[in-house]
Amino acid sequence: MAFSFGDGGVPEAVLLTYDQFKDLGGESKFERRPGVVAAEAVGAELVEMVAAIRAGEFAPVVWGDGEEPEAVILSTSQYRQLRGDDEPQPGTIDDPTRRVYATEPLPTSRAMTLDELAELMGPEAVKDLENLRRADDEIP
């Protein structure tokens, strides 16, 4: 789960797992600091990183143990870009890791059957569903 941090209770940066960053296409969306930074280096450079975030000159930092990426530090604005969220109005204190989104069905939404969903996924999914049903019929 991503979380934000900053000075004086104002979110300035976001820490998230590298898997989340990768799954949201972060490697193709941002030019990040090269390599994987050790956790000790992140601790030693955090003040400079926050200063770069405030100046709008921050490149996301991937850090972890050895060469294995584990986490990423982004500015809150970069995190919004990563997720495809809108920017808040100027002067609004917004924590992008705590946003709540409407989850109600749209007026045009309708229920779908499993068969319709499999058809949308393609012929292989239809075949897999048929095989599962056949196997289910064979269970005593």
Note on the range 44-86: residues more than 13 Å from L15 (Cα to Cα), in a helix (DSSP H, G or I) and open to solvent by 40 Å² or more (accessible area, probe 1.4 Å) are A44, E45, V47, E48, A51, R54, Q81, R83
Applying the selection to the range 1-26, what residues are surrounded by 15 or more Cβ atoms within 10 Å (Cβ to Cβ) and assigned to a helix (DSSP H, G or I)? Y18, Q20, F21, G26
Answer from T92, T108, T103 - the residue that is within 30 Å of G6 (Cβ to Cβ), of a type in the set (S, T, Y) and open to solvent by 90 Å² or more (accessible area, probe 1.4 Å): T103
Show the residue pairs meeting these rules: Cβ distance below 7 Å; 6+ apart or different chains; first residue within the range 99-124 and without any contact (Cβ under 8 Å) to a residue 12 or more places away in the chain; second residue outside any loop (DSSP other than H, G, I, E, B) and among the small types (G, A, S). A118/A125
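The values are calculated or read from the model by the stated rules, or taken from the named source; none is laboratory data. A quick note: this is a predicted structure, and the numbers were derived from the prediction, not measured. Glycine gets a Cβ as well: all are built from the backbone with ideal geometry, and neighbour counts include every protein chain shown. The accessibility values were calculated without ligands, DNA or RNA, using every heavy atom of the protein model including side chains. Shrake-Rupley method; radii C 1.70, N 1.55, O 1.52, S 1.80 Å.
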